[in-house]
Amino acid sequence: MQGENFTSSEGEIKVSFGYQCNSHKGIPCSAANGCAIRLGSEIPRTGSFSCLSGAALSANATLANTNICNGLIGAEILPSLDSPNSFRRVPSSPSLSRLDILSSSLQSSMSNLSCSPPSPLDSPETDSFLAKPMSAPSRSDSFLNAMEVQVAGGAAGEDRVQAVCSEENEWLFCAIYDGFNGRDAADFLAGTFYETIIFYFNLLDWESKQDVPRAPNALDENGPFEYFLDDGTVVSEARIDSTKYASAESLMKKSANPKMEVSSDSFRHGVLDSLQRALSQAENDFLYMVEQEMEDRPDLVSVGSCVLVMLLHGKDLYTLNLGDSRAVLATYDEGNDMGQSERLKAIQLTDIHTVDNEVERTRLFHEHPDDSMPVVAGKVKGKLKVTRAFGVGYLKKKKLNDALMGILRVRNLISPPYISTEPSLNVHKISRSDHFVIVGSDGLFDFFSNEEAVKLVHSYISSNPYGDPAKFLVEQLVIKAAHSAGFSKEELMKIPAGRRRKYHDDVTVIVIILGTSHRTSKASTCV
């Protein structure tokens, strides 16, 4: 089956984009579906990615537009993200105007560094900054800011995908939001989370320069978290002191200095902490909005999303995840011939947060000693297979659960929250042995193991160096799903979204090819 291709007007892949930055000859990147590479000025690089492609396929039927926040987020943001064919060059966001429409906390965070207004949703997990007013951090401080960035994104069923990169500043941001019970939580993340992360990276710089003690958050309260150091060893840290962070600005200026290595490790801690703080902020904002609207839309209390964010900065690859999406690294055994695919290993960089994970099951029972049935019929309280997720407020707050009627309401909600918003956080140092990374929603891994996905991508890019490995992987999934159902691929693709969910889930895939040779500044643009 490998190598087969297909097109279908009834069920074509709705999201496909590509960004090629390793060819100084301006060779078209077919990932962009009829788009060509515009060659720009050649700039020396020390970053670690050379090509990115993304593809997605719908299986779930969803509403055309979200009603979140009275339609403001849907009306103002999402149409520009839906199913583009290529990256486009845009100025880095000049303001937090997208977040200003929220009736929650980020506005006040900018003015006095305090979080959401007091509400029944406040919890010990909520960040609490300084009470007295002071100036907000400048948006120009963080390394994630840039004069120009390349962006792409899209919607496929209840999945949302984003990619933002700046070659000049040597970073790449990718995110997959796998929504469930509706698209509202994934829409919210697609519309706001990237800028929330920027805000907290700016705050990291501001705190380091102002010598401001960092507020306690989930990294402190929930004990140690693990991350990978440069030598591959795993380190546990119970507490992080933000006053010891190296600022992003100073790190960018001095990163070539080997004496900055200690500061670099401190900076990595700061990045991980900022990602978690941004997620906590987004969760507070979303649940606050849900509480305001649940009288008109009680279904919002059950809407949630898995979250997978990958940030490649220089040679550091950071991951944040909630739920069952995965980031898988393809790497060669050291000392072996890099031309032999059988020596390519698949290393999963993210945890899987489901009840099938014995560690997660044990954690649930440990955190709910007074509840003899936190897991019912293989699901958390009989409702959800994932154990960590964004949103899904009815499994976190009694008040939100009470908004549901009849069989939708959770019986015996003894000790909420039952779904955690504490993410897994990791940083991996890219080496010369690392070849590519596959970032995918769980729909991909319903059909392919990590090793199978890596083998398919390696085989494809070996024979199609300027092709679209993400789209190829999705096409191979369709072929396999059709075969499993006894259909031809054409017959399966003719089944409309909604009914096709019986045969496969929404699928979103990003493939990042690692490497730095012949890096050039250019963007794919439609022709």
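The values are calculated or read from the model by the stated rules, or taken from the named source; none is laboratory data. Every value quoted in this text rests on a predicted model; they were computed, and no experiment measured them. Cβ: placed from backbone, ideal geometry, glycine included. Neighbour counts: every protein chain shown. These accessible areas exclude ligands, DNA and RNA; they are computed on the full protein's heavy atoms, side chains included. Shrake-Rupley method; radii C 1.70, N 1.55, O 1.52, S 1.80 Å.
Laid out as a table, the results:
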{"quantity": "Heavy-atom accessible surface of the range 367-445: percent carbon and sulfur, 1.4 Å", "calculated": "53"}
{"quantity": "Integer Hz, Karplus 6.51/-1.76/1.60 couplings in order for the range 316-327, x for Gly and Pro", "calculated": "9, 10, 9, 10, 10, 8, 10, x, 10, 6, 9, 10"}
{"quantity": "For Gly498, residues with placed amide H under 5 Å, excluding near neighbours", "calculated": "Asn60, Ala61"}
{"quantity": "Length-normalised contact order of the range 355-503 in % [C-alpha pairs under 8 Å, at least 6 apart]", "calculated": "13"}
{"quantity": "Surrounding net charge for Leu308, when Lys and Arg each add one and Asp and Glu each subtract one, Cβ distance under 13 Å", "calculated": "-2"}
{"quantity": "37 °C / 0.692 mPa s Stokes-Einstein diffusion coefficient of the range 429-506, Kirkwood radius on C-alpha pairs, µm²/s", "calculated": "239"}
{"quantity": "Distance (nanometres) between label positions extended 7 Å along Cα→Cβ at Arg499 and Asp402", "calculated": "4.3"}
{"quantity": "Nonlocal amide H pairs with Phe49, under 5 Å, H built at 1.01 Å", "calculated": "Gly515"}
